[in-house]
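Enquirer: The structure's right below; bear with me while I get my questions together.
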Amino acid sequence: MQGLVIKNTGSWYTVRTDDGRIIESKVKGNFRIKGIRSTNPVAVGDRVQITVNSQGTAFITTIEERRNYIIRKAANLSKQSHILAANVDQAFLIATVNYPQTSLTFIDRFLASAEAYDVPVVLIFNKCDRYNAEELRFLDRLTDLYRQIGYDCRCISAVSGEGTNALFPILAGKVTLLSGNSGVGKSTLINRLLPEQNLRTAEISDAHNTGTHTTTFSEMIELPAGGYIIDTPGIKGFGTFNMAPHEICSYFKEIFVYAKHCKFSNCTHTHEPGCAVLQAVESHHIAQSRYRSYLSMLDDKEENKYRDAF
Ligand SMILES: Nc1nc2c(ncn2[C@@H]2O[C@H](COP(=O)(O)OP(=O)(O)O)[C@@H](O)[C@H]2O)c(=O)[nH]1
Ligand SMILES: [Mg+2]
Ligand SMILES: [Zn+2]
């Protein structure tokens, strides 16, 4: 029997079968998924095959290949990671201009990692009810910047409800990852979209606020119109991020357009003569903030190379 893993608590996985039943399942035997050393073999969002036993529970026997997955490094240095969710259709990145301020580097890194996994992102600026004139001007500049690059940007208030109804059509029928720094209003938005979820999300956020990093609780919240929202705090991006330095610029859509015109095909866009990217930054066709984010990701790679050498 086939199904979808919609919840994971410890060694139990809740599977929603394709014929609509909910069956508590465990993993049978030892799964080895190539390329990933993870603390959990199965994740929320996985498509699985199960065999039901006489007690009404089941064993997960097969995991279908993942289109993408979101991973968090385990807290220790074991190189193990924890898979938070798999097979995401799109992500909502919740950001705030203030209260708290979301850093543009954080936004750009998230966008780049989503680009690498072909996951569309909707940028949602929350708390619009709270901003003063200056903050609203900054918000305008940000939405201009990201819309020009090609991202869908929304300004909402999860508290007043402004702009939130327009999110329903985007959510319908899809698996949407809700992401963003702590305090930007993810739980408030879920409560706004799904009032009947109120108690449960409150419990979830409380459990996380106690700060135990070992919490392995992940859940898909089913939407009345079909589709699911996954609220997993602490996600910085997608995948294992095994990208080569020269690949990074292809995940910054507007930078990539210019990169094709650089004099050298192996241009890193940092110092080379005839670099079309540097020229475009100079002439403000590429935003400084985006270029800085690109450099910061390039820096990570240099650092890792260095570390790997030891
Ligand atoms: N003014 C205002 N406050 C908000 C809004 N959305 C969330 N908040 C507040 O921001 C704080 C953090 O919200 P929460 O949903 O817990 O954030 P999470 O950590 O992303 O889940 C709470 O005090 C919320 O009441 C909003 O649209 N406007
Ligand atoms: Mg929360
Ligand atoms: Zn270049």
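FYI, it's all coordinate maths here, none of it is from the lab. Quantities reported herein were computed from a predicted structural model and do not represent experimental measurements. Here Cβ is always computed from backbone atoms with ideal geometry, including for glycine, and neighbour counts include all displayed protein chains.
Enquirer: For region 245-300, what does the alpha-carbon gyration tensor say about shape, rounded, prolate or oblate, given a ≥ b ≥ c as the root eigenvalues, a/c under 1.5 as rounded, and a/b over b/c as prolate?
Expert: rounded
Enquirer: Sort 259-267, 284-292, 45-53 for me by packing, meaning the mean count of neighbouring Cβ atoms within 10 Å per residue, highest on top.
Expert: Per-residue mean Cβ counts within 10 Å order the peptides as 45-53, 284-292, 259-267.
Enquirer: What is the sum of charges around Ala276, taking Lys and Arg as +1, Asp and Glu as -1, for the other residues whose C-beta is under 13 Å from the C-beta of Ala276?
Expert: -1
Enquirer: Moving on. Give, rounded to the nearest 20 debye, the magnitude of the charge dipole that region 245-300 has about its Cα centre when Lys and Arg contribute +1 at Cβ and Asp and Glu contribute -1 at Cβ. Walk me through the numbers on the way to the answer.
Expert: Details: 5 positive and 6 negative charges, 35 e Å.
Using Cβ point charges on Lys, Arg, Asp and Glu, region 245-300 gives about 180 debye.
Enquirer: Kindly state, to the nearest 0.05, the FRET efficiency for Leu194 paired with Glu272, given R0 = 45 Å and r defined as their beta-carbon distance.
Expert: Efficiency, from the Cβ-Cβ distance: 0.35.
Enquirer: For the pair Leu136/Asp18, report the inter-label distance in nm, with labels modelled 7 Å from Cα in the Cβ direction.
Expert: Distance between the two pseudo-spin positions: 5.2 nm.
Enquirer: Continuing with the same structure: For the pair Thr105/Thr9, report the inter-label distance in nm, with labels modelled 7 Å from Cα in the Cβ direction.
Expert: Here the modelled spin labels are 3.9 nm apart.
Enquirer: Can you give me the distance in nm between label points at Lys28 and Lys174, each placed 7 Å from the Cα along the Cα-to-Cβ direction?
Expert: Each label point lies 7 Å from its Cα, and together they span 3.6 nm.
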